[in-house]
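The values are calculated or read from the model by the stated rules, or taken from the named source; none is laboratory data. Everything quoted here is computed from the prediction, not taken from an experiment. Cβ atoms come from the backbone with ideal geometry, glycine included; neighbour counts cover every protein chain shown. The accessibility values were calculated without ligands, DNA or RNA, using every heavy atom of the protein model including side chains. Shrake-Rupley method; radii C 1.70, N 1.55, O 1.52, S 1.80 Å.
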Amino acid sequence: MTLVVVTIASAHVLHDTVDGGWSAMVARWQHWDADYYVAIAQTGYPHLLRGQPGIVAFFPGEPGLLRVVHLVVRNWTLSALLVSAVAGC
């Protein structure tokens, strides 16, 4: 949780010095499995199974919760960070 608070504070302080501002700083957190979870939350499994058979290894709990959080927080990456931070606590 401390890492999320430090990230938000630094993004607030440094957003004028980074090209792209706040969204560019948040986008730096979206790597590796986060891309899969966001893709599952956006389109579901059936759409993704055609091109990536390994996607079934990701359980539906986090993408489902991510989709619900996205109703309130409209940025997919920030929604995923919040879900991860709460689950980590």
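Going by accessible area, probe 1.4 Å, with all protein chains left in place, what is the ranking of Asp35, Asp19, largest first? Don't skip to the answer; put the middle values down first.
Working: Asp35 75, Asp19 145 Å².
The most accessible residue leads, giving Asp19, Asp35.
Heavy-atom accessible surface of Thr2, to the nearest 10 Å², is about 100 Å², with a 1.4 Å probe and all protein chains retained.
Each other residue within a Cβ distance under 11 Å of Tyr37 adds +1 if Lys or Arg and -1 if Asp or Glu, for a net charge of -2.
Report the gain in length on full extension from Asp19 to Cys89: 0.36 nm times residue separation, minus Cα-Cα distance, nm rounded to one decimal. Mind dumping the intermediate values first?
Details: separation 70, 0.36 × 70 = 25.20 nm, distance 3.16 nm.
Net length gain for the segment: 22.0 nm.
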